[in-house]
1. Using alpha carbons only, how many degrees (0 to 90, rounded to 10) separate the axis of helix 167-177 from the longest principal axis of the chain?
2. Under 8 Å for C-alpha pairs, at least 6 residues apart: give me the relative contact order for the chain, rounded to a whole percent.
3. Say we join alpha carbon atoms closer than 10 Å with springs in a Gaussian network model of the chain; which of Ala43, Ala22, Ala112 then has the biggest fluctuation?
4. Out of segment 13-121, which GluC sites (Glu not before Pro) are coil in DSSP terms and have no more than 10 other C-beta atoms within 10 Å?
5. In a shell of Cβ-Cβ distance under 14 Å around Asn49, excluding Asn49 itself, what net charge do Lys and Arg (+1) and Asp and Glu (-1) give?
6. For segment 15-182, what is the charge dipole size about the Cα centre, in debye to the nearest 20, if Lys and Arg each add +1 at the Cβ and Asp and Glu each add -1 at the Cβ?
7. Return the calculated 222 nm mean residue ellipticity for the chain, to the nearest 500 deg cm²/dmol, obtained by summing -39500 (n - 2.57) across DSSP H runs with n ≥ 4 and dividing by the residue count.
8. Order of 175-181, 120-126 by packing, highest average Cβ count within 10 Å first?
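No value in this document is a laboratory result; all are computed from the given coordinates. Keep in mind the model is a prediction, meaning the values are calculated, not measured. Positions of Cβ are backbone-derived with ideal geometry, glycine not excepted, and every protein chain shown enters the neighbour counts.
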Amino acid sequence: MTATDSNAENGFVGQVLLAMPAMSDPRFERAVIYMCAHNEDGAMGIVINKPLDSIDFRELLGELDIPTNAESGNVPVHFGGPVENQRGFVLHSREYSQPETLLVDDSVGLTATVRVLRDLASGDGPARSILALGYAGWGPGQLESEIQQNAWLTVPARDEFLFEIANDEKWERAFNSIGVDLSVLSGSSGRA
């Protein structure tokens with residue numbers, strides 16, 4: 001069974017997409033993408049390991065006229081991908097749901113409304129979440145083609161990849177979870 005037919009009914013939904021070490025697009029270098037949608041029309045995922053240092057959660061809420069309080073905390077804002085990068089997407093645990101929430105799998109939902117930001121600000125949001133600006137998107141057949149060209153590797157998702165592991169460790173730990181030694185894959189691992 002290959003990666004492309006292991007989840008044929010839902011494509012790669014609920015899996016993690018890992019950029020291979022030779023990824024040529026700097027936006028996706030060492031990217032870990034949680035796949036939210038995949039069908040004959042294309043694919044969509046959220047990069048889960050690239051926080052944006054230039055954007056503060058409280059400032060973002062201020063720009064949207066959403067009041068903050070002590071429960072607001074300082075939620076990291078991530079680069080979710082280059083598509084619609086001015087739009088917010090919240091990947092979150094499933095105990096939180098709105099009518100507009102996309103239920104990705106048994107434990108993860110995706111909500112892209114102002115209400116979820118208000119709920120995060122007030123402390124009434126999901127227990128675990130990743131706030132991202134933008135998403136990664138592919139047209140029909142594009143992702144499959146990129147996987148065949150060895151640009152990406154799919155790995156079964158684990159909640160720890162999304163919500164527990166530090167961002168700078170997610171990429172390597174996801175490879176390690178399937179027994180892949182990155183020094184074997186990397187073109188820069190040795191010199192003659």
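1. Helix 167-177 and the main axis of the chain meet at about 40 degrees.
2. Relative contact order for the chain comes out at 27 percent.
3. Looking only at Ala43, Ala22, Ala112, the biggest GNM fluctuation is shown by Ala22.
4. Listed in order of number, the matching sites are Glu40, Glu95.
5. That works out to -1.
6. Result for segment 15-182 is approximately 60 debye, rounded to the nearest 20.
7. Taking each H run of at least 4 residues, the total per residue is -5500 deg cm²/dmol.
8. 120-126, 175-181
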